[in-house]
Amino acid sequence: VQLQASGGGLVQPGGSLRLSCVVSGSIDTFVAVGWYRQAPGKQREVVTTIFRGGFTSYVDSVKGRFTISRDNGKNMVYLQMNNLKPEDTAVYYCYARDFKFVEYWGQGTQVTVSS
């Protein structure tokens with residue numbers, strides 16, 4: 001399984017970015033797909049997950065600002081990030097979890113929020 005994230009960059013506070021992740025194989029074969037992030041000197045945290053049935057979950061710090069979506073036909077997962085804050089600065093990784101609860105990670109994409 002291969003995942004490749006893209007769409008990161010430098011943005012000013014209050015700005016927006018849309019991250020994309022292409023997943024090899026059918027997304028339908030995974031019980032969940034989502035995004036992690038890791039900031040310098042901090043532990044990795046799950047930002048958001050979308051489950052096979054469509055249920056979504058978000059870490060409290062991004063609720064109301066970030067939206068996860070997927071396109072099963074294109075095997076793509078997206079993360080729309082609005083009203084970005086400096087504390088959102090991190091490397092963002094997409095992941096997929098199969099029915100045996102094995103997780104697969106892709107190469108991350110850097111998001112930097114700074115004026």
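With a 1.4 Å probe and all protein chains left in place, how much of the accessible area of region 1-76 comes from carbon and sulfur atoms, in whole percent? Mind dumping the intermediate values first?
Details: 1980 of 4080 Å².
Result for region 1-76: 48 percent of the exposed heavy-atom area is carbon or sulfur.
What full-extension length gain, to one decimal in nm, is calculated for GLU87 and TRP105 as 0.36 nm per residue of separation minus the Cα-Cα distance?
In short, 4.2 nm is gained.
Given 10 °C and 1.306 mPa s, compute D for the chain with the Stokes-Einstein relation, Rh being the Kirkwood radius over Cα pairs; round to the nearest whole µm²/s.
Details: Rh = 14.0 Å.
So the translational diffusion coefficient is about 114 µm²/s.
Straight-line reach from LYS42: which aspartates and glutamates have a Cα under 19 Å away, not including same-chain ones fewer than 8 places off?
The qualifying aspartates and glutamates are ASP60, GLU87, ASP88.
Counting only heavy atoms of protein chains, what accessible area per residue, in Å², does the chain have with a probe of 1.4 Å?
Each residue of the chain exposes 52 Å² on average to a 1.4 Å probe.
Just how much of ARG52 is accessible, in Å², when a 1.4 Å probe is used and the result is rounded to the nearest 10?
That residue has around 130 Å² of solvent-accessible surface.
The values are calculated or read from the model by the stated rules, or taken from the named source; none is laboratory data. Keep in mind the model is a prediction, meaning the values are calculated, not measured. We work out accessible area using only protein heavy atoms, side chains counted, and drop any ligands, DNA or RNA first. Shrake-Rupley method; radii C 1.70, N 1.55, O 1.52, S 1.80 Å.
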